[in-house]
Amino acid sequence: MVRRYAALSATAVLVAAVVGPSNAQAVDSVLLPDLRQAPVGCPGGFSGDPARCADWDVCVVADPDAPNGECLGHGEPGRAVRLRFTTSADNIGDGPLLIYGSRGSAAEPTMTARQAFQSAVDGSIPGSYAAAQHRVPATLYYEPAPAHTHWHLLGFEHFQLRTPAGDAVVVDRKTGFCLGDRYEVGDEPARRPVGRTTPEGRLAGYLRLNRCGHHAPEALEVAEGISVGYGDDYKHTVDFQWLDLTGVPSGTYDVVNVVNSDRTLVEKSYDNNASSVAITLRWPGGAERAPAEITAPPLVTVVRSCPGQERCAHRG
């Protein structure tokens with residue numbers, strides 16, 4: 001245990017050294033991130049036609065309560081049907097998205113969160129939770145599931161299945177995210193970090209390897225975020241990257257992804273925080289609803305993709 005705490009202390013020192021000193025600054029003197037919800041079902045950094053993206057599937061599972069149960073083969077009876085899809089969020093703003101989580105002791109189950117901003121005056125970036133300028137109502141918790149074992153920021157992205165009129169039919173179960181620089185965006189943002197000697201360059205070096213306190217449930221502080229010109233993606237095979245279609249009748253729907261839906265993270269713009277795809281869902285044999293014993297998934301077809309929009313099926 002002493003060795004583990006020593007490692008965590010070294011990590012905290014590294015983060016502080018990476019991002020450098022900071023002074024509290026007014027919002028108009030800082031460089032803000034701009035989060036953009038990437039097209040639904042596309043791999044991170046995809047820049048082609050989103051209608052051709054294939055990072056999604058329809059999966060029959062035996063256990064509807066399992067985080068990501070194994071997909072059954074055609075003809076094997078299951079109890080639930082999931083629409084699984086990749087979600088990605090880009091930062092195309094002027095400054096990095098940087099979130100610090102902190103708690104007073106390991107007896108506290110969650111960490112509170114603060115957002116830190118890079119200075120537009122001297123380029124410095126806060127190096128700790130105490131120096132971060134903006135309190136965020138979201139919390140962080142340690143996810144012990146074998147596929148994670150790290151600290152998750154709650155509520156960063158949300159997804160829903162909605163009717164063309166905008167009414168929610170199914171909501172997501174995935175709420176936690178470990179953010180880092182997982183891919184480069186296809187754009188060329190002017191303030192993408194260049195080199196390793198600037199504060200944003202050193203931070204990007206940290207975020208490329210960030211694992212959010214991996215195997216460290218006793219951590220008292222963690223950092224996560226996304227540099228300018230980078231994004232964070234969650235593959236469709238990751239736990240809870242799905243919507244439950246089991247009780248959904250045949251019809252036309254929107255699959256909607258929204259990043260920072262409550263706007264508690266400060267951004268340069270909120271106009272690009274949503275993306276959607278319109279789909280049709282048809283149960284086998286022309287049935288309106290799922291049969292009592294599901295041996296085949298419904299036919300799901302993507303009608304169109306609507307990056308930057310919350311509504312896609314409705315064309316008014």
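What ranking of Ser128, Ser47, Ser275 comes out by heavy-atom accessible area, probe 1.4 Å, highest first? Intermediate results must be reported in sequence, preceding the final value.
On the way: Ser128 35, Ser47 100, Ser275 0 Å².
Ranking Ser128, Ser47, Ser275 by accessible area, largest first, yields Ser47, Ser128, Ser275.
With all protein chains kept in place, the per residue accessible area of the chain amounts to 44 square angstrom at a probe of 1.4 angstrom.
Taking the longest Cα principal axis of the chain as reference, the axis of helix 199-208 is set at about 40 degrees. Under 1.5 on a/c is rounded, so check that first for the stretch 209-275, then, if it is not, pick prolate when a/b is larger than b/c and oblate when it is not; a ≥ b ≥ c are the square roots of the alpha carbon gyration tensor eigenvalues. Oblate shape, in that a/c is at least 1.5 and b/c is the bigger or equal ratio. Taking the chain as a Gaussian network, where each spring joins two C-alpha atoms under 10 Å apart, which residue of Val238, Val169, Val194 fluctuates the most? Judging by the Gaussian network model, the answer is Val194.
Here the mean projected area of the convex hull built on the C-alpha positions of the stretch 162-237 is 8.3 nm². Oblate is the label for the stretch 32-163, because the ratio a/c of its alpha-carbon gyration tensor axes (a ≥ b ≥ c) is 1.5 or higher and a/b is not greater than b/c.
Remark on the chain: Rg and Dmax equal 20.7, 65 Å (Cα only). Determine the share of the chain's accessible area contributed by carbon and sulfur atoms, expressed in whole percent, with a 1.4 angstrom probe. Carbon and sulfur together cover 54 percent of it.
Amide H contacts under 5 Å for Leu179: Leu153, Gly225, restricted to partners 5 or more places along the chain or on a different chain, H placed in the peptide plane at 1.01 Å from N. Residue order by solvent-accessible surface for His74, His134, His148 is His74, His134, His148, largest first, with ligands and nucleic acids left out and a 1.4 Å probe. Simple spin-label estimate for Arg289 and His134 gives 4.4 nm between the two label positions (7 Å along the Cα-to-Cβ direction from each Cα).
Can you bin the stretch 218-316 into rounded, prolate or oblate? Criterion: square roots of the alpha carbon gyration tensor eigenvalues sorted a ≥ b ≥ c, rounded for a/c under 1.5, prolate for a/b above b/c, oblate for the rest. Working shown, then result.
Values: a/c = 3.06, a/b = 1.68, b/c = 1.83.
In terms of gyration-tensor shape, oblate.
Considering only Ala89, Ala292, Ala113, the Gaussian network model of the chain with Cα springs below 10 Å gives its largest mean-square fluctuation to Ala292. From the residues Asn68, Val228, Phe156, which one has its Cα farthest along the dipole of the chain in the positive direction, the dipole being from +1 and -1 charges on Cβ of Lys/Arg and Asp/Glu about the Cα centre? Going by the Cα projections, it comes out as Val228.
For the stretch 101-205, averaging the sequence separation of C-alpha pairs within contact (under 8 Å, six or more residues apart) and dividing by the residue count gives a relative contact order of 18 percent.
The orientation-averaged projected area of the convex hull spanned by the Cα atoms of the stretch 186-227 comes to 3.8 nm².
Taking springs between alpha-carbon atoms closer than 10 angstrom, which of Leu32, Leu207, Leu299 fluctuates most in the Gaussian network model of the chain? The residue that fluctuates most here is Leu299.
The values are calculated or read from the model by the stated rules, or taken from the named source; none is laboratory data. Bear in mind the structure is a predicted one, so any value in this text is a computation, not a measurement. As a convention, Cβ positions derive from the backbone with ideal geometry for all residues, glycine included, and neighbour counts pool all protein chains shown. SASA here: full protein model, heavy atoms, side chains in, ligands and nucleic acids out. Shrake-Rupley method; radii C 1.70, N 1.55, O 1.52, S 1.80 Å.
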